[in-house]
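Trainee: What follows is a structure written as structure tokens; I'll ask about it next.
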Amino acid sequence: MGTHIKLDAALSGGGRVDMGRDRRLSAVSTKGNWRSFKRANFREQGLICRIRQLWSAFSCDGEVVGMLNYATPSSWRRPAISQDEMANEYNLMLVIGAGLSLIAALLHVGVIIVGPSWYQLFGAGDRFVRAAQAGRWFPAVFTAGIALVLAVWAAYALSAAGVIERLPLVRPALIGITSIYLLRGLLGPLALAGTGRSRRFIMISSAICLVYGLVHLFGLVQVWGSLV
């Protein structure tokens, strides 16, 4: 239909139709459109592949990843996680509990290094503060002992979490650690009253110990069956 219109227009105007030029123009136009289509399609496919790659990398749902993996390059696919591997993952609550105990241990080491001002800041009591000011040895030894105990508690929490090798008596040790933290948090305001420490320090330290105990308790409940 379009060719007849061009012929009629050319004949009516006395001109000549250059059919070869029309074919060349049509071919150039078609080739350009095909290249544009290929570039757009390539960009679209690349975007889809990248989305599938990110989804496959971060998704933990094996079924969804499996549906997307059919069109994803094998080098981008995330290997499926077996039930045994999922069971062997670290317990997050106990890892957090170990980190909290380690922070407390490092703070006690800092108290020894800084000296009397930190003894007073962290509520060591007037006797310890005066002894540290006088250069006595027992405040540093006692504080170092507490730091060592807290570091051991952190190691037992990591052991129960599966981060390090299983330590001996890990279940009773973790029960004791959790109980001490909880008792210090719950009974601290009563037990430390009238000891020369400020009420503010007693309440804050008791709240911190209660949080420590709850974190350990949640982790202990989660791994109880594996601590045989």
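Readers should treat all values here as calculations from the given coordinates under stated rules, not as data from a laboratory. This one's a predicted model, so the numbers in the text were calculated from it and none came from an experiment. Please note: Cβ atoms are built from the backbone with ideal geometry, for glycine as well, and neighbour counts cover all protein chains shown.
Trainee: Suppose R0 equals 25 Å; then what is the FRET efficiency for residue 175 and residue 203 from their Cβ-Cβ distance, rounded to the nearest 0.05?
Mentor: Result of the calculation: an efficiency of 0.40.
Trainee: Roughly how many nanometres apart are two label points built 7 Å out from the Cα toward the Cβ at residue 211 and residue 224?
Mentor: 2.5
Trainee: As an exercise, use a Förster radius of 22 Å and the Cβ-Cβ distance of residue 127 and residue 152 to find the FRET efficiency, rounded to the nearest 0.05.
Mentor: 0.25
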